[in-house]
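What follows is calculated from the coordinates using simple rules that are stated; it is not laboratory data. Just so we're clear, the structure is a prediction, and the values are computed from it rather than from any experiment. Here Cβ is always computed from backbone atoms with ideal geometry, including for glycine, and neighbour counts include all displayed protein chains.
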């Protein structure tokens with residue numbers, strides 16, 4: 001069984017730029033959730049994708065967008081980066097949205113915006 | 001709005017001592033509560049879920065709706081319990097969005 005993988009591990013961007021983060025879900029999982037974890041905080045829900053469609057969104061502006069592909073992998077895109085976007089971005093997969101209570105997390109991508 | 005509060009950022013106990021990590025929540029409906037744990041250099045993982053009423057690695061947690069609390073307890077702490085613990089709440093529904101607390105770093109000293 002392959003676990004959740006994320007790429008890249010670290011990323012440094014400049015304010016105003018755009019970034020794409022990638023996530024491969026665990027084998028057999030069709031649902032992907034994205035979280036932002038700022039330093040000293042718990043993970044904060046950004047959105048969830050199920051069957052290639054957004055299935056719920058947290059309190060994040062539209063410049064945070066995502067995609068899910070037929071193989072259930074997912075991307076998180078952030079446009080017009082701001083300094084406050086600096087955080088650890090976590091991806092989590094699960095077997096369907098109604099089983100999302102048991103989410104399997106990836107190692108995260110550390111984004112630094114300067 | 002749903003909110004999870006973990007009042008202690010840091011908790012330090014000695015091996016063999018009882019440990020209690022506090023979690024309080026705010027939600028108007030019937031929430032589901034969870035504890036997630038992150039050991040050093042490992043990923044965030046589910047420890048236990050209130051509905052299952054299981055004891056995992058000696059830890060238990062009881063949902064107290066009157067006090068809106070879901071404290072995590074273990075009678076005898078072990079050094080390997082040292083980790084970051086997050087309490088999380090879900091309103092259920094179609095996407096099981098999780099709302100996390102800020103976490104408590106537990107250190108069990110030898």
* Asked: Among B:81, B:62, which comes first, then next, by fewest other beta-carbon atoms within 10 Å?
  -> B:62, B:81
* To do: Within 10 Å of each residue's Cβ, count the other Cβ atoms and sort B:27, B:36 from fewest upward.
  => B:27, B:36
* Asked: Share of Cα-Cα pairs in the stretch A:36-81 beyond 16 Å, in percent?
  -> 42
* In percent, what relative contact order does chain B have, based on Cα pairs under 8 Å that are 6 or more apart in sequence? -> 38
* To do: Quote the relative contact order of the stretch A:1-55 in percent (integer), defining contacts as alpha-carbon pairs under 8 Å separated by 6+ residues.
  => 27
* **chain A, relative contact order [Cα under 8 Å, separation at least 6], %** => 37
